[in-house]
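The values are calculated or read from the model by the stated rules, or taken from the named source; none is laboratory data. These numbers come from a predicted model, not from an experiment. Here Cβ is always computed from backbone atoms with ideal geometry, including for glycine, and neighbour counts include all displayed protein chains. Please note that ligands, DNA and RNA were not included when accessible areas were found on the heavy atoms of the full protein model with its side chains. Shrake-Rupley method; radii C 1.70, N 1.55, O 1.52, S 1.80 Å.
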Amino acid sequence: MIISVASGKGGTGKTTVATNMAVSLGAGVRLLDCDVEEPNAHLFVSPVIEQSETVFTAVPEIDKDKCTLCRKCSDICRFNVIAIAGKTILTFPELCHSCGGCIAVCPEEGAITEVGRELGLLEQGVFDAGDFVHGRMRIGEAMSPPLIKKVRERIKPDQINIIDAPPGTSCPVITAMKDTDFVLMVTEPTPFGLHDLKLAVEAVKLLGIPHGLVINRSDMGNDDVWQYARTENLPILMEIPFDRAIAEAYSRGRLMVESMPEWKGKFQELFRRIEKLSKAWENRN
Amino acid sequence: MKIAVTSQGTGIDSKIDPRFGRAAYILIIDMSDEKVEVIDNAENVNAFKGAGIQAAAKVGDCGVDALLTGFCGPNAFKTLAAAGVKVANDVSGTVQDAVDAFKNGKIVFSDDANVDGHW
Ligand code: SF4
Ligand code: SF4
């Protein structure tokens, strides 16, 4: 079972939901923080990191002595990584998506070789409720999807995998949500929250993944989110009211379920409802 | 000698397009007879990344000596430099104004790009 926890915009409480649900389940959980640009789940679950590896992506390097400036590589590259300017060939490896197209079309043996561009670190360890994996993107790196994919390679389908997805609705979050069994969306009842939620819901619908909603700070803002959920048939699986104690726990890097154990049962219930919905989805035909 | 000017239209009286990579048109002006060659940059306007690099390679291919524009990002600048094209940023007004300023030696060329890349 793979659950991704997402939100259209940052700061809605996505990590709070992912980490508290993971810890509430007690054991056999795999928590994967795919928010590689700003991973923070580890601050709450304090994992002991046991393995760490540097992740690279392949980018082209051109041997100017072997290159005949035929332009085949720069013509095929959609990302404008390779430019021929006068009698020089230049590369912009930071734009490269590692598709391998340029190497495949180059007619000159050895003119293009693959070298590594460092994406960041992949770390794995253990925490109270099971295994923990996250990626930390190198500062200055612009592309997160390749590192997110690396984190996802550590999914164990026979366990409960909880993915803390990056915020937003573009490539990184799609990479994190794709092929998961359920997307749990965390939002807050404000106009901005609703606007971004709508975009996120559209993306999840396109991916064809069952989904449900957690409304954070549910006693603030207005009723528009509930109305939207009703018209969209979006199940509301949990509401978390604004509570000073919750905000305080968060700011100290503590879990809600530690300072307020009464929430443990609610997060377990949240998981049961997710399980049920995803089973119902599987059996819908 | 030829110069390139980013332009919002196809005529020499058009306004300069301040963007380089995503300029609507790039006009190539031959300084000996002020003949204008128009490059339609439409495919780059919609490119989602690396538009400046593509436009720079194109301008380099035209054999121009200088590019006059509003803003040129670092990747495009690097590509133009490799092609031996000098770059002047912050040029405004019409294309004709830029051509006159160039003729009168009033154009200042930059040593560096003035805009960060657009991620
Ligand atoms: S690997 Fe693909 S994206 Fe990278 S330079 Fe080659 S063609 Fe372009
Ligand atoms: S395809 Fe190979 S030979 Fe042709 S320009 Fe690219 S690197 Fe040079």
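Given the conditions (1) under 27 Å from B:Asn46 (Cβ atoms); (2) more than 16 Å from ligand 1 (Cβ to nearest atom), report the number of the one that A:Ser74 does not fulfil.
That leaves (2) as the condition not met.
Filter segment B:44-61 for residues that are within 11 Å of chain A (Cβ to nearest Cβ) and in a loop (DSSP other than H, G, I, E, B) and give the result.
Once the filter is applied, which keeps residues that are within 11 Å of chain A (Cβ to nearest Cβ) and in a loop (DSSP other than H, G, I, E, B), segment B:44-61 yields B:Ala47, B:Phe48, B:Lys49, B:Gly50.
Every residue in segment B:62-110 that is in a helix (DSSP H, G or I) and away from every other protein chain (no Cβ under 14 Å), please. Let's see the steps before the verdict.
Residues of segment B:62-110 in a helix (DSSP H, G or I): B:74-82, B:95-103.
Those that are in a helix (DSSP H, G or I) and away from every other protein chain (no Cβ under 14 Å): B:Val95, B:Gln96, B:Asp97, B:Ala98, B:Val99, B:Asp100, B:Ala101, B:Phe102, B:Lys103.
Kindly evaluate A:Phe192 against the criterion of being aromatic (Phe, Trp, Tyr) and in a strand (DSSP E or B).
Here the answer is no, as A:Phe192 does not meet what is asked.
Restricting attention to segment A:239-275, which residues are modelled with pLDDT under 95 and among the aliphatic types (A, V, I, L, M)?
Those that are modelled with pLDDT under 95 and among the aliphatic types (A, V, I, L, M): A:Ile240, A:Ala245, A:Ile246, A:Ala247, A:Ala249, A:Leu255, A:Met256, A:Val257, A:Met260.
Being of a type in the set (D, E, K, R) and part of a helix (DSSP H, G or I) is the filter here, so list the residues in segment A:244-269 that pass it.
Within segment A:244-269, A:Arg244, A:Glu248, A:Glu258, A:Glu262, A:Lys264, A:Lys266, A:Glu269 meet the criteria.
Of everything in segment A:7-58, what is within 16 Å of ligand 1 (Cβ to nearest atom) and either at pLDDT 95 or above or within 14 Å of another protein chain (Cβ to nearest Cβ) (or both)? Give them in sequence order.
Hits for segment A:7-58: nothing passes.
Of a type in the set (Phe, Trp, Tyr) and either open to solvent by 80 Å² or more (accessible area, probe 1.4 Å) or part of a helix (DSSP H, G or I) (or both): does that describe A:Phe44?
yes
Could you give every pair whose Cβ atoms fall below 6 Å, whose first residue belongs to segment A:1-29 and is assigned to a helix (DSSP H, G or I), and whose second residue is open to solvent by less than 10 Å² (accessible area, probe 1.4 Å) and among the aromatic types (Phe, Trp, Tyr), counting only separations of at least 6 or pairs across chains?
Listed by first residue and then by second, the contacts come to A:Asn20/A:Phe267; A:Met21/A:Phe267; A:Ser24/A:Phe267.
Could you tell me which of the residues B:Lys58, B:Lys15, B:Lys49, B:Lys35 is in contact with a Leu (Cβ under 9 Å, 6 or more places away or on another chain) and not β-branched (Val, Ile, Thr)?
Criteria check complete, one pass: B:Lys49.
Would you please list the contacts, defined by Cβ atoms under 7 Å and residues six or more apart or on different chains, that run from a residue in segment A:59-73 that is part of a loop (DSSP other than H, G, I, E, B) to a residue that is more than 8 Å from ligand 2 (Cβ to nearest atom) and open to solvent by less than 60 Å² (accessible area, probe 1.4 Å)?
A:Asp63/A:Gly110; A:Lys66/A:Gly110
Within segment A:78-171, considering only strands (runs of 3 or more DSSP E) that don't extend past its boundaries, which have at least 2 residues that are open to solvent by 20 Å² or more (accessible area, probe 1.4 Å) and under 30 Å from A:Thr19 (Cβ atoms)?
Fully inside segment A:78-171 and qualifying: A:112-127, A:130-137.
Just a yes or no: is a residue in segment A:95-104 away from every other protein chain (no Cβ under 14 Å) and aliphatic (A, V, I, L, M)?
Within segment A:95-104, one or more residues are away from every other protein chain (no Cβ under 14 Å) and aliphatic (A, V, I, L, M).
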